[in-house]
Each structure stands twice: as C-alpha cells, then as structure tokens.
Amino acid sequence: MLDTHARKYVSPFIEFGANIFIKRKISANTVTVLALILGVLSAILLYLDKNIFAVIVLWISGYLDAVDGSIARKTNSSSSFGTVLDVTFDRIVEIGIIFVSALKFEEVRLNIIVLLACILISMVIFLTVGAVSEKSGIKSFYYQAGVAERSEGFIMLSLMMVFESYLGIVVNIFSFIVIITALQRMIEAKNILK
C-alpha cells in the first residue's frame, strides 16, 4: 500500500540516489547485489543481537532496492534478468530476517512457519498474475498493489527485530496482513484475467 500510494513523496530521494550511482557508472544490477549483501548483513546483525543496527542496515538495503529500478529506467537498462535478480534477492533478504528470528526464538517457530506460508501464497499469486497479465506499469511486469507491499514488510520485519518480547504478536499481525493481501490479489486477478 505504501509503495503504491506514497512513492510520489519519496521518489525525489530515490532519484537522488539513482543519480549518484549513475554518475559513478554503477549499474542497476550492481546496486541490486549491494542491496542483497546489506540485507543479508542485517540478518547476521540480528543473529548477533545488534538489533538496532540490523534495522538500520535493513532499511538501507530497502532504499537501494528502490534505487536500482530507478537506475535501470533512467539508463534504459531494464532487463528481464534484472527483474528476476530484484525479486529473488528481495525474498532472500526477507527470508534471512525471518529465518534468524525462527532460529533465535523457538517458542514462536510455528507462528513464523505460518508467516512464511502466507508470504509464499501471496508471492505465488503476485508473480503468477504478473506473468500471465498483459498489463504493465512502471515495473517490468504487472504489479499488484496490496495491503502488504515491500515497505509494510520492512515495517513488520523492523518491529520483529525491535520488539522481540512481542515477537509472536507481531508475526501474527504480519501473517494476517499478508494473507489479506493474498486474498486482495486473488480477487483482482479474477477481475483482470477474465
């Protein structure tokens, strides 16, 4: 929801970052890899109980994830492979944080498994609709907006890292908004794929 509706407010900041990388002749795919490395570092910091640093690094990773697409569009270097890298690396970062949480907090592992199942269902719908739909937009495939987009995911992951004593509650709320998004996307898919 935030990615779709608040993008116009953060776009100048994203464009600024893209321009810096473009001036230094750093490609979109290189920035995508850098975002992955920082995202994995965030999971490592979480494992090492450096939670605040983990959150900061996670958000820098997320910022770079937005910048890479802007670089690709500005330099006319968008590619299908870049899209695959971007979507795959995004999931690796998210899974890293969730996996570390499951390792550290055995009492909420079942909740975390449910969260992963919800994310998987939502992503299957999202990617399948993107693949079979003829619509396109700013992204290189049809992008289905939803209650839980990347920014909401980062907010929930951050809450998971900062409020560990409430981890079960945060994970359950996260699962709920992800499954609502999955249902929302399925209803939209039914309407656009008639």
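The values are calculated or read from the model by the stated rules, or taken from the named source; none is laboratory data. The model shown is predicted, which means the values in this text are computed figures rather than measured ones. Neighbour counts are summed over all protein chains in view; Cβ atoms, including those assigned to glycine, are modelled from backbone coordinates with ideal geometry. Keep in mind that these areas ignore ligands, DNA and RNA; they rest on the heavy atoms of the full protein, side chains included. Shrake-Rupley method; radii C 1.70, N 1.55, O 1.52, S 1.80 Å.
Shown for the stretch 1-115: the carbon plus sulfur share of the solvent-accessible area, taken with all protein chains present and a 1.4 angstrom probe, equals 71%.
Think of the chain as having a plus end and a minus end, set by charges on the Cβ of Lys, Arg, Asp and Glu; of LEU183, THR75, SER133, THR75 sits farthest toward the positive end of this dipole. Whole Å is fine, so just give me how far the alpha carbon centre of the stretch 117-134 lies from that of the stretch 19-54. Value for the Cα centre distance between the two parts: 25 Å. By the equivalent-ellipsoid construction on the alpha carbon gyration tensor, the stretch 67-134 comes out with semi-axes of 30, 16, 7 Å, ordered largest to smallest. Would you work out which of VAL10, LEU115, LEU167 lies farthest towards the positive end of the dipole of the chain, given +1 charges on the beta-carbon of Lys and Arg and -1 on that of Asp and Glu, about the Cα centre? The residue sitting farthest along the positive end of the dipole is VAL10. Contact order for the chain, expressed relative to its length and based on alpha carbon pairs under 8 Å spaced 6+ residues apart, stands at 25 percent. With a Cα cut-off of under 30 Å and a minimum spacing of 8 residues unless on different chains, the lysine pairs in the stretch 1-123 number 6. For the stretch 1-84, averaging the sequence separation of C-alpha pairs within contact (under 8 Å, six or more residues apart) and dividing by the residue count gives a relative contact order of 37 percent.
Which log10 I(q)/I(0) values does the chain give at q = 0.12 Å⁻¹ under the Debye formula, counting every alpha carbon as one identical point scatterer? Log-scaled intensity ratios, in q order: -0.60.
With the biggest extent put first, the Cα atoms of the stretch 22-126 measure 48, 33, 14 Å across the principal axes. In order along the stretch 111-125, phi translates into HN-Hα couplings of 4, 5, 4, 4, 4, 4, 5, 4, 4, 4, 4, 4, 5, 4, 4 Hz, rounded to whole numbers, per the Karplus curve 6.51 cos²θ - 1.76 cosθ + 1.60 with θ = phi - 60° and x for Gly and Pro. Accessible surface area normalised per residue over the chain is 55 Å², counting heavy atoms of protein chains with a 1.4 Å rolling probe.
Within a straight-line Cα-Cα reach of under 16 Å, LYS190 can be paired with the following aspartates and glutamates, leaving aside sequence neighbours fewer than 8 residues apart in one chain: GLU134. Here's the picture: charge each Lys and Arg Cβ at +1 and each Asp and Glu Cβ at -1 in the chain, and of GLY153, PHE89, ILE56 the one pushed furthest to the positive end of that dipole is PHE89.
Net charge dipole, the chain: roughly 640 debye, given to the nearest 20, about the Cα centre with Cβ charges of +1 for Lys and Arg and -1 for Asp and Glu. Here the stretch 143-194 is treated with +1 on each Lys and Arg Cβ and -1 on each Asp and Glu Cβ, and its dipole about the Cα centre works out to around 280 debye.
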